[in-house]
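Peer 1: The structure's right below; bear with me while I get my questions together.
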Amino acid sequence: MGAAIAHPGPDAAGTWQHPALGVALAHQRLSILDLSPAGHQPMASATGRYVIASNGEIYNHLQLRRDLDAAGLAPIWRGHADTETLLAAIRGLGAGTSVAALRRHVGLGPGGSAPAGAAPGP
């Protein structure tokens, strides 16, 4: 399944399966933010309840991490991947509130796109 989404440039690939539920995720990525194994995808949340395969960059995810830390909603961070930040936001804030938080902190526009002229985060 993962080979079907391969394209030039990926340097990491992974799969996750839950046979009892009949669900599987595959991911091919070009490592940019977190080159360590902690950035590997599909990625499970710290509790293991949520699993995600994410594509793209979350601008300014470090600010969202700081806000989650300040609110006491952050896990013990395992790495530096923006996907880990997204999982922590979903767990701590709920999916709907996480989308609003991402738009506020990250500058995401409708459909998750960055607004025109937005610069990538640090």
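Peer 1: Please determine whether any residue of region 33-55 is touching a residue at least 60 places away in the same chain (Cβ under 8 Å), more than 16 Å from residue 12 (Cβ to Cβ) and assigned to a loop (DSSP other than H, G, I, E, B). It would help to see each step written out before you state the result.
Peer 2: Initial filter on region 33-55 (touching a residue at least 60 places away in the same chain (Cβ under 8 Å)): none.
No, region 33-55 contains no residue that is touching a residue at least 60 places away in the same chain (Cβ under 8 Å), more than 16 Å from residue 12 (Cβ to Cβ) and assigned to a loop (DSSP other than H, G, I, E, B).
Condition check ((1) modelled with pLDDT of 90 or more; (2) out of contact with any strand residue (DSSP E or B) (no Cβ under 9 Å at 6 or more places or on another chain)) across all residues:
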residue	(1), (2)
8	no, yes
16	yes, no
20	yes, yes
26	yes, no
60	no, yes
72	yes, yes
82	no, yes
95	no, yes
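Peer 1: Taking the conditions exactly as written (closer than 19 Å to residue 102 by Cβ, touching a strand residue (DSSP E or B) at 6+ places or on another chain (Cβ under 6 Å) and not aromatic (Phe, Trp, Tyr)), does residue 53 satisfy them or not? Reasoning before the result, please.
Peer 2: Working: closer than 19 Å to residue 102 by Cβ: yes; touching a strand residue (DSSP E or B) at 6+ places or on another chain (Cβ under 6 Å): yes; not aromatic (Phe, Trp, Tyr): yes.
The answer is yes for residue 53.
Peer 1: Among residues belonging to region 69-104 that are within 22 Å of residue 32 (Cα to Cα) and of a type in the set (Asp, Glu), point out the one that is surrounded by the most Cβ atoms within 10 Å (Cβ to Cβ).
Peer 2: Top of the filtered list is 84.
Peer 1: Of (1) aliphatic (A, V, I, L, M); (2) under 18 Å from residue 85 (Cα atoms); (3) at pLDDT 75 or above, residue 33 satisfies all except one. Which?
Peer 2: Going through (1) aliphatic (A, V, I, L, M); (2) under 18 Å from residue 85 (Cα atoms); (3) at pLDDT 75 or above one by one, residue 33 breaks only (3).
Peer 1: Find all pairs meeting these conditions: Cβ atoms under 6 angstrom apart; at least six residues apart or on different chains; first residue within region 72-88 and closer than 12 Å to residue 60 by Cα; second residue charged (D, E, K, R) and modelled with pLDDT of 90 or more.
Peer 2: Pairs that qualify, where the first residue is closer than 12 Å to residue 60 by Cα and the partner is charged (D, E, K, R) and modelled with pLDDT of 90 or more, are 85/65.
The values are calculated or read from the model by the stated rules, or taken from the named source; none is laboratory data. Small disclaimer: the values here were computed from a predicted structure and weren't measured. Glycine gets a Cβ as well: all are built from the backbone with ideal geometry, and neighbour counts include every protein chain shown.
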